[in-house]
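This report refers to the structure that appears directly beneath it.
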Amino acid sequence: MARDGVEVGGTSAFAQLVPAGEVESAASNEYRQLIAEAYKKGLLKSSEGAQVVRLRSIAKKLIEQSPVWNERAKQWSWEVNLIESPQVNAFCMPGGKIAVYTGLIDKLNLTEDELAMVVGHEIAHALREHARQRMGKGMATEGVTRLGGAVIAGIFGIDPRITDFVAKQGASLLSLKFSREDETEADLVGMELAARAGFDPRAGVSLWKKMSAENAQSPPQWMSTHPSSTNRVKDIELNLNKVMPLFEKAQHAERVEKYNLEPKN
Ligand SMILES: [Zn+2]
């Protein structure tokens with residue numbers, strides 16, 4: 001089926017081993033703990049602050065585009081928080097739980113479009129269920145599988161061993177390492193989300209240049225979990241032509257709305 005935008009492969013069959021809902025609720029628990037901890041230490045940025053308002057307005061536009069990539073995203077209770085920390089880091093956990101560290105925005109002096117690229121990348125990991133795939137793979141390795149296929153699972157519910165496994169893994173969702181393929185996919189899907197939301201996808205290139213410059217001084221957290229290479233910028237550049245029309249369409253729609261160029265009916 002032809003569609004506008006980037007082309008990535010299907011999702012890994014390993015994901016099917018773990019119910020999406022279980023992964024999302026484990027993520028929700030870990031996120032709640034992290035936010036509570038940040039709040040206790042006075043590191044959670046206030047919802048009224050300009051930085052949080054800006055971040056949430058960018059995230060909102062990206063989230064609106066997310067069902068294109070994952071239907072479940074419509075039901076997620078999305079959360080977007082900013083945490084005071086020198087770390088150059090950001091993440092979006094399964095189920096749409098987003099956190100950005102102030103170090104990312106401040107040290108790299110990110111423009112709105114660049115910040116949208118980072119948040120889009122992180123959202124893409126959640127939409128493409130990379131954590132769920134990692135967990136499924138881990139579970140397969142440990143030899144935990146469904147007891148008796150879909151029928152028995154339907155009657156007796158989920159194998160408790162799966163629930164156990166997810167709960168254990170859930171406590172360390174943030175330390176999951178994504179593969180090189182996952183990262184490329186997140187770059188491309190994130191760039192498409194950003195373009196659809198009206199952010200300039202060319203910001204992907206300037207973002208990575210800033211990341212590399214920062215890396216030369218001290219490797220930021222985001223870089224250690226997101227291995228960088230010149231291939232990365234090359235992949236982004238190669239795919240720009242696929243998303244530029246989406247960006248232009250979104251820009252046009254924005255202008256129409258702003259200047260009321262066309263009659264409403
Ligand atoms: Zn990533």
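The values are calculated or read from the model by the stated rules, or taken from the named source; none is laboratory data. It should be emphasised that the depicted structure is a prediction, and the values quoted were computed from it without experimental measurement. A quick note on method: Cβ atoms are made from the backbone with ideal geometry, for glycine too, and the neighbour counts reach across all protein chains shown.
Before moving on, here are some points about what is shown:
- Residue-level check: of (1) surrounded by 13 or more Cβ atoms within 10 Å (Cβ to Cβ); (2) in a helix (DSSP H, G or I); (3) under 19 Å from the mean Cα position of the chain (by Cα); (4) not polar (S, T, N, Q), VAL6 misses just (2).
- Test: residue in the stretch 25-41 that is closer than 30 Å to GLY10 by Cα, in contact (Cβ under 8 Å) with a residue 24 or more places away in the chain and assigned to a loop (DSSP other than H, G, I, E, B): no
- Test set (1) farther than 27 Å from ALA213 by Cβ; (2) surrounded by 14 or more Cβ atoms within 10 Å (Cβ to Cβ); (3) without any contact (Cβ under 8 Å) to a residue 24 or more places away in the chain - PRO86 fails condition number: (1)
- Qualifying positions in the stretch 47-76 - free of Cβ contacts under 8 Å to residues at least 40 places away in the same chain and hydroxyl-bearing (Ser, Thr, Tyr): SER47, SER57
- Residues being within 27 Å of ASN81 (Cβ to Cβ) and out of contact with any strand residue (DSSP E or B) (no Cβ under 7 Å at 6 or more places or on another chain) - total across the stretch 12-29: 11
- Number of the condition not met by ILE105 [criteria: (1) within 16 Å of the ligand (Cβ to nearest atom); (2) within 18 Å of PHE199 (Cα to Cα)]: (1)
- Of all residues in the stretch 60-114, those satisfying the criterion of being in a helix (DSSP H, G or I) and more than 19 Å from VAL189 (Cβ to Cβ) are THR102, GLY103, LEU104, ILE105, ASP106, LYS107, GLU112.
- Positions within the stretch 181-205 being within 11 Å of the ligand (Cβ to nearest atom) and of a type in the set (A, V, I, L, M), in sequence order: ALA186, VAL189
- Cβ-Cβ contacts under 7 Å between residues 6 or more apart (or on different chains), taken from a first residue in the stretch 223-250 that is modelled with pLDDT under 95 to a second residue that is within 15 Å of the ligand (Cβ to nearest atom) and charged (D, E, K, R), are listed as THR225/LYS177; HIS226/GLU183; PRO227/ARG180; PRO227/GLU183; ARG232/ASP187; ASP235/ASP187; ILE236/ASP187.
- In this structure, ALA167 does not qualify as in a helix (DSSP H, G or I) and at pLDDT 90 or above.
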